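Accompanying notes for the structure given below.
Quick note: the coordinates plus some simple rules give every number you see, no bench work behind them. Just so it is clear, the structure is predicted and the values come from calculations on it, not from any experiment. Please note: Cβ atoms are built from the backbone with ideal geometry, for glycine as well, and neighbour counts cover all protein chains shown.
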Amino acid sequence: MLLVPLIGLSVMALLAVVLRWASNLDTDKAHRKDYGLLKEVARVPSSTAARMVEERLQDVGVRATTVPDPEGNGLRILVFPADQATAIRTLLAD
């Protein structure tokens with residue numbers, strides 16, 4: 001008879017520990033988007049500006065993609081690490 005309440009208390013204690021651990025996780029990090037190897041080379045305020053930057057990078061052979069900024073402040077232009085230096089040089093030269 002004494003075994004059943006002990007098992008119940010043990011399970012409740014285990015759940016309390018797991019829930020406490022889970023509540024301390026970095027939830028902001030869990031909601032951020034990960035774009036793998038892509039690196040940010042520019043932030044622009046509008047989709048028109050993003051298209052202009054992408055077209056300029058395509059002119060020099062750099063593949064680029066546009067994603068929304070996580071804070072909602074415009075758009076981010078991303079490129080592969082191998083193209084990052086070329087993209088930055090190109091954008092700074094303009």
Residues satisfying the stated conditions in segment 50-94, i.e. in a helix (DSSP H, G or I), touching a residue at least 24 places away in the same chain (Cβ under 8 Å) and of a type in the set (A, V, I, L, M): A50, V53, L57, A87, I88, L91
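Just to verify a result, which residue in segment 40-91, among those that are among the basic types (K, R) and crowded, with 16+ Cβ neighbours inside 10 Å, is farthest from the chain's Cα centre (by Cα)?
R56
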Of the residues in segment 52-71, those that are farther than 15 Å from A93 by Cβ and touching a strand residue (DSSP E or B) at 6+ places or on another chain (Cβ under 8 Å) number 9
